Structure formats: C-alpha cells, structure tokens
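Encoded as structure tokens, the structure appears first; notes follow it.
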Amino acid sequence: MDCLFCGIVNGDIPATKRYEDELVIVFDDINPQAPVHQLIIPKQHIATTNDIATEHHALLGHMLQTASVMAKQLEIADDGYRVVTNCNAGAGQTVFHLHMHLLGGRPMHWPPG
Ligand code: AMP
Ligand code: ZN
C-alpha cells in the first residue's frame, strides 16, 4: 500500500519521533502550524475517521490520551492546546492515514477556518 504514514511506521520514511509504543507513534509535523505541532498516528492503517469501527475504540482512546500526555510533557497543557483530525479533502485531509494533530504554544483561534 502506498501510504506515507505507513512508511513512517515501518521506518522507510524518516520522521522526528517523539514517542512510540505498540499502538501509536508521535512525530513532528514537517510543516508546523504552531510552536508545538506533532502528529499522533496509529500503527495500524485506518484511512479516515469514517473508517473507525467498534474494534478501534480502545486505540482511539489511547491516541487521545497520548495527545494529553505529550501536551503535559511539552508544558502546553495548562495554557491550552488543540487536537484536530481532518476527515477527507473538504476538511483539509491530505494524508489518508488517520492522525491527530497536537497543536499548541500559541493562542488558538475559533472558528479554525
Ligand atoms: P492533514 O492535512 O490533516 O492530512 O495532515 C497531514 C499533515 O502531515 C500535514 O500537517 C503535513 O504537514 C504533515 N506531513 C506530510 N508529510 C509529512 C512527513 N513526511 N513527516 C511529517 N509530517 C508530514
Ligand atoms: Zn497508512
């Protein structure tokens, strides 16, 4: 399968990894939109949020908890941060392997646009 983030999971594509366990990898976004911009991805290929099934519930909870743990480590948790998942092209998704953006280190605006 020709998937950029599967390439990062299997080591074919380099990334600045910040955390890894049996379920997820966290790495720096190559085009950061905030002082902190990391991506939390499952090692398992899931294309979009439209493909989330009951069997993924624990994995999704773990991804969100990982974002929270990273935010505390990066000392952005108290000021505040944003966790974003874009679904499909209309929302700006460009890599079709599920990921959560962890954004922080600056004030966030709403609506995001
Ligand atoms: P999205 O537009 O929500 O699908 O997010 C995809 C994100 O992946 C974008 O923020 C890109 O900057 C980021 N990205 C693309 N290629 C790489 C890469 N090789 N390493 C790290 N981040 C990447
Ligand atoms: Zn993939």
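Read the figures in this text as sums done on the coordinates, not as results from a lab. Predicted model only: the values in this text are computed from it and were never measured. Cβ: placed from backbone, ideal geometry, glycine included. Neighbour counts: every protein chain shown.
Observations
- Within a Gaussian network of the chain (alpha carbon springs, distance under 10 Å), most fluctuating of Ala89, Ala47, Ala77: Ala89
- Considering only beta bridges that DSSP places wholly inside the chain, some 100 percent are antiparallel.
- P(r) histogram, all alpha-carbon pairs of segment 49-113 included - 5 Å bins from 0, percent: 4, 15, 23, 21, 20, 13, 4, 0
- Longest to shortest principal axis, alpha-carbon extents of the chain, angstrom: 38, 30, 28
- Judged by a Cβ-Cβ distance under 4.7 Å, the unpaired cysteines of the chain are Cys87.
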